[in-house]
Amino acid sequence: MNRFKIILMGSGSLACPLLDGLLASTQDTLLAVVTQPDRMSGRHLQCRPCVVKQHAQSCGVRVFSPEDASEESFVEELSALAPDVIVVASYGQFLKRNLLAAPRLGVINVHPSLLPKYRGASPIQWALANGETTTGVSVLYVTPKMDAGDILAQEAYPIDPDDTFCTLEPKLAALGMELLARVLDNFRNGQTEGRPQDESQVTFARKLTKADACVDWQLPAATIRNRLRGFCPWPGAHTTLPDGLLLKLHAVEVTPAPDVAPPGMVIDVGPAGPVVATGADALRLLSVQPAGKKMMGGGDFLRGYPLTTGARLGLQ
């Protein structure tokens, strides 16, 4: 049976289970890992490697971190390793034709959505934010057009009503490793053809920005909760208190409410936390974090902050 030489390209945490799976494989050899360069991060803006680079180095795997993975000299360096397959997962760069031609059997991507739905940078986040009940993983050929290659394997996965990005991503990563192993076995058996995507069904999952964290109280309560599920831990969700201070939201629950209060108005200050009117129904703030403070329960917040019924959030 053919033993493939593989290069993994990834920078997000979705790639870590693939790294572990490829290292544990008795059928293939992981030649190297390619990640994004170290970036400034954290409160003190220190230069830090991404989680995939740290994990690969701890496992003794050779790591490359080029600014441009499609730069000709780097492609020549990768080609010299004679990879059979390059696997991409949450890498974050467009790959040009010269790199796509480097491996003998092609470049394949493990993408956490049911393509052609949710092409783009943030498929898990937007599936949650849009209230989807099912998502999945697709393994596809990488082409110069984003997430548009032929699909080699695909499987649906149910979204739990309480799933957040932090709980759903590792589930999809595990499924991605299963599908990747299946595709590599298919390659070994000479099955390398995929099926084209239906371009009429394409949707896009744009990259998130800091602006997405600002809660729009005009939206229905269920929509705001779904966005919080998808945007945790980054960019998160926040609003402003009546005095202009920032309040981060960590956990909320939808509460039925009459459509009489304007969105953003506090309609109850019970012991479980404040209840805030939205465009439809209301939200109880179960876990929050005032600026400069630690995360706390909504009731604990009310004991330390004079929030009263009728106050408005999000006006600044």
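Checked against the criterion of being within 22 Å of Lys294 (Cβ to Cβ), open to solvent by 60 Å² or more (accessible area, probe 1.4 Å) and among the charged types (D, E, K, R), the candidates Lys248, Lys171 yield just one match: Lys248. Among the residues making up the range 133-158, those that are more than 20 Å from Pro170 (Cα to Cα) and either assigned to a strand (DSSP E or B) or touching a Ser or Thr at 6+ places or on another chain (Cβ under 9 Å) (or both) are Tyr141, Asp147, Gly149, Asp150, Ile151, Leu152. Going by what's in this entry, would Gly264 be described as open to solvent by less than 60 Å² (accessible area, probe 1.4 Å), without any contact (Cβ under 8 Å) to a residue 60 or more places away in the chain and in contact with a helix residue (DSSP H, G or I) (Cβ under 8 Å, 6 or more places away or on another chain)? No; evaluated as a whole, the condition is false for this residue. Take the residues of the range 289-316 that are open to solvent by less than 30 Å² (accessible area, probe 1.4 Å), in contact with a Gly (Cβ under 6 Å, 6 or more places away or on another chain) and not in a loop (DSSP other than H, G, I, E, B): which is nearest to Leu219 (Cα to Cα)? Going through the qualifying residues, I end up with Gly298. Yes or no: the range 239-262 includes at least one residue that is assigned to a strand (DSSP E or B), under 28 Å from Ser122 (Cα atoms) and in contact with an Asp or Glu (Cβ under 6 Å, 6 or more places away or on another chain). Yes, there is a match, as at least one residue in the range 239-262 is assigned to a strand (DSSP E or B), under 28 Å from Ser122 (Cα atoms) and in contact with an Asp or Glu (Cβ under 6 Å, 6 or more places away or on another chain).
If you filter the range 6-62 down to residues that are open to solvent by 60 Å² or more (accessible area, probe 1.4 Å) and among the β-branched types (Val, Ile, Thr), you find that the one that is modelled with the highest pLDDT is Val51. With respect to (1) within 22 Å of Ala127 (Cβ to Cβ); (2) in a strand (DSSP E or B); (3) in contact (Cβ under 8 Å) with a residue 60 or more places away in the chain, the lone exception for Cys232 is condition (2).
The values are calculated or read from the model by the stated rules, or taken from the named source; none is laboratory data. Computed from a predicted model, the values in this text were never measured in an experiment. Note that we place each Cβ from the backbone using ideal geometry, even for glycine, and neighbour counts take in every protein chain shown. Heads up: the accessible areas ignore ligands, DNA and RNA and are worked out on the full protein's heavy atoms, side chains in. Shrake-Rupley method; radii C 1.70, N 1.55, O 1.52, S 1.80 Å.
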